[in-house]
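Right, one structure below, let's go through it.
The values are calculated or read from the model by the stated rules, or taken from the named source; none is laboratory data. Since the structure is predicted, the reported quantities are computational estimates derived from the model, not experimental observations. Counting neighbours? That spans all protein chains shown, and the Cβs are built from the backbone with ideal geometry, glycine included. Calculation scope for accessible area: heavy atoms of the full protein, side chains included, ligands and nucleic acids excluded. Shrake-Rupley method; radii C 1.70, N 1.55, O 1.52, S 1.80 Å.
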Amino acid sequence: MLRISALRLLGRRGASRVSLSEDFSLRHYSSGPLGVRDDTRDSRAYFTTPIFYVNAAPHIGHLYSALLADALCRHHRLRVPSDAATGFSTGTDEHGLKIQQAAAAAGLAPSELCDRVSAQFQQLFREADISSTDFIRTTEARHRIAVQHFWGMLKARGLLYKGLYEGWYCASDECFLPEAKVTRQPGPSGDLCPVSLESGHPVSWTKEENYIFRLSQFREPLQQWLRGDPQAITPEPFHQTVLQWLEEELPDLSVSRRSSHLHWGIPVPGDDSQTIYVWLDALVNYLTVIGYPNTEFKSWWPNTSHIIGKDILKFHAIYWPALLLGAGMSPPYRIYVHSHWTVCGQKMSKSLGNVVDPRTCLDRYTVDGFRYFLLRQGVPSWDCDYYDEKVVKLLDSELADALGGLLNRCTANRINPSGIYPAFCTTCFPSEPGLVGPSGRAQAEDYALVSAVATLPKQVADHYDNFQIYKALEAVSSCVRQTNGFVQRHAPWKLNWESPVDAPWLGTVLHVALECLRVFGTLLQPVTPSLADRLLSRLGVSSTERSLGELHFLSRFYGHPSPFEGRRLGPETGVLFPRLDQSRSWLVKAHKT
Ligand code: MSP
């Protein structure tokens, strides 16, 4: 428990219970044909990554957070292909004690450290093809205005008071800790030092007069919000975790620090002796980006999806919604939570020297390759272990062999000398297995393939909605395998274009396989944008034919004309994804260590 006792609180007069009902309106969403929320068609959607601390260079865990948000956002754009409809923000979290101390340790002014590391994040995200529409730095003037305005709203609603705060503070995690969350560990000199039980980071005792937010008043409204919207925090186990936290008493929260102790931050309006708590400052970034406090922000809020790691769940699922409710706004639409990457079973940390540099990985495995790996292997509900061999094995088997091989098999000059999208023959492959006549060649497994690929976009959309991107990729990969099986079964290389008996079936086999590839290319765009672009271009799919609404898989089979029949394939004949050369020196080195 934080040691804020009623006796110690100063200036309690004027405290009022806020009425939440008029502002707290939950939106209801229903599903459309692709599992798309009906309202996404005409309303805006806004995706956010956490903003990243600038005390150290980016690692693959940070990139993972950003990639998840990028894939979700890109998938949304496939559903609603209008630039104006989707916002996507990322940025750097530059204030607070952690940064102040890191700068001092590096012998730099805080602003120098911020400029340097923020630039590294910006460069990494550019290289990794993160399609953000804004990059916010909390040291920007627009952000100071937003934070101070937000503070003013809380103040005006009687939700801030001055009180004596006494308790543990962890600068590395930028959070207050109750006694029960603190343990003792031998420090560098062998003496026992107090550390956070969860993170192991050092904590220090703090006693000062601060501004305090009446967080305790929000326990019930938060419970009401979460019970009324079971998907608010996704995946579900995290939703339950938060509900469980809310079973316990919710202490008020200290939201400022003495400026003499913390000068690197935004001053409390009207009281320069206090600096605003860095988490309040950081969370408001989500509003700054959409124009808050100007009313334009209302066209984005609350249809917002926050993508966060599990370590910052409490800040996003308790503090942030409570602050929003306090300021008269609704909680965000979704909080998507992911777990962490470890290295050889250990947490990544500078002191352990096991930090994996994302830029080296993008270089080694290509941008699309590494994006695919992290999103295909990362599971939101539990931690994943990183090692290089795993990347090579996955990319060689799924991107180089299965997908690249399939494309090559169906487009190689030897098998498709005319270089066109061949015609589909409805008598060879009638729309129902029962209608297969004497010239019919399709088998039961072929119907299973068509049905699997026809339902794939909906399946993938459902997985995205449930924040199970790895399952979406697993489903695509399984259909790629099935399509390879189809091609293998009918061995088009044994059929002859010159034979009037073989030719319609040969064209049909290739047509079906190319249609499957078109679906895979479309669905892979959020994860491997360049590779999907090359794949779709090779199939002759134009840029206006790449959204989910334009997919129309195998229309001839369903009795409609196909815009692709007879179309010339794209000219690019190179390898889609080269196998990773296992003899590369870095891999040999990785084996030895
Ligand atoms: N600055 C805060 C967030 C403020 S948001 C208003 C912060 N920054 S962070 O740089 O420490 O973390 C940013 C994101 O990276 C978080 O989502 C965190 O979970 C994620 N990751 C940090 N290490 C990670 C791994 N090892 N693996 C996966 N993600 C991890 O917290």
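Any idea which of Val476, Val450 is under 25 Å from the mean Cα position of the chain (by Cα) and among the β-branched types (Val, Ile, Thr)? Spell out how you get there, then give the answer.
Numbers: Val450 fails: under 25 Å from the mean Cα position of the chain (by Cα).
Among Val476, Val450, only Val476 is under 25 Å from the mean Cα position of the chain (by Cα) and among the β-branched types (Val, Ile, Thr).
Of all the residues in the range 516-552, those that are under 12 Å from Pro457 (Cα atoms) and of a type outside the set (S, T, N, Q) number 12.
From Leu160, Leu108, which residue is over 28 Å from the mean Cα position of the chain (by Cα) and under 23 Å from Ser254 (Cβ atoms)?
Values: Leu108 fails: under 23 Å from Ser254 (Cβ atoms).
Criteria check complete, one pass: Leu160.
When the range 551-593 is filtered for residues that are at pLDDT below 95, open to solvent by 50 Å² or more (accessible area, probe 1.4 Å) and not in a loop (DSSP other than H, G, I, E, B), the ones remaining, listed by number, are Ser585, Val588, Lys589, His591, Lys592. Residue pairs whose Cβ atoms lie under 6 Å apart, sitting 6 or more positions apart in sequence or on different chains, and linking a residue in the range 489-512 that is among the acidic types (Asp, Glu) to a partner that is open to solvent by 30 Å² or more (accessible area, probe 1.4 Å), are Asp502/Leu495; Asp502/Asn496. Can you confirm whether Arg219 is more than 16 Å from the ligand (Cβ to nearest atom), among the charged types (D, E, K, R) and open to solvent by less than 10 Å² (accessible area, probe 1.4 Å)? When the stated conditions are applied, Arg219 does not pass them.
Scanning the range 232-281 for residues that are open to solvent by less than 60 Å² (accessible area, probe 1.4 Å) and not in a strand (DSSP E or B) yields a count of 23. Go through the range 347-362 and give me each residue that's more than 12 Å from the ligand (Cβ to nearest atom) and either touching a helix residue (DSSP H, G or I) at 6+ places or on another chain (Cβ under 9 Å) or open to solvent by less than 20 Å² (accessible area, probe 1.4 Å) (or both). Passing the criteria: Asp357, Arg359, Thr360, Cys361, Leu362. Looking across the range 321-346, the residues that are crowded, with 20+ Cβ neighbours inside 10 Å and within 8 Å of the ligand (Cβ to nearest atom) come down to His338, Trp341. A search for C-beta distances below 7 Å between a residue of the range 171-195 that is in contact (Cβ under 8 Å) with a residue 12 or more places away in the chain and any residue that is open to solvent by less than 40 Å² (accessible area, probe 1.4 Å) and of a type in the set (Asp, Glu), counting only pairs 6+ apart in sequence or on different chains, returns nothing.
Among the candidates Pro194, Pro202, single out the residue that is within 26 Å of Asp311 (Cβ to Cβ) and in contact with a Cys (Cβ under 9 Å, 6 or more places away or on another chain).
Only one candidate qualifies: Pro202.
Restricting Pro526, Pro500 to residues that are part of a loop (DSSP other than H, G, I, E, B) and either open to solvent by less than 10 Å² (accessible area, probe 1.4 Å) or hydroxyl-bearing (Ser, Thr, Tyr) (or both) narrows the list to Pro526. Take the range 378-394 and flag every residue that is under 22 Å from Phe577 (Cα atoms) and more than 11 Å from the ligand (Cβ to nearest atom). Matches in the range 378-394: Tyr387, Asp388, Glu389, Lys390, Val391, Val392, Lys393, Leu394. For the range 282-318, the set of residues classified as touching a residue at least 12 places away in the same chain (Cβ under 8 Å), open to solvent by 10 Å² or more (accessible area, probe 1.4 Å), more than 10 Å from the ligand (Cβ to nearest atom) and part of a helix (DSSP H, G or I) consists of Ser299, Lys314, listed by residue number.
Within the range 60-74, does at least one residue satisfy the condition of being within 16 Å of the ligand (Cβ to nearest atom), on the phi > 0 side of the Ramachandran plot, of a type outside the set (A, V, I, L, M, F, W, C) and surrounded by 24 or more Cβ atoms within 10 Å (Cβ to Cβ)? Checked against the condition, which is being within 16 Å of the ligand (Cβ to nearest atom), on the phi > 0 side of the Ramachandran plot, of a type outside the set (A, V, I, L, M, F, W, C) and surrounded by 24 or more Cβ atoms within 10 Å (Cβ to Cβ), the range 60-74 yields no hits at all.
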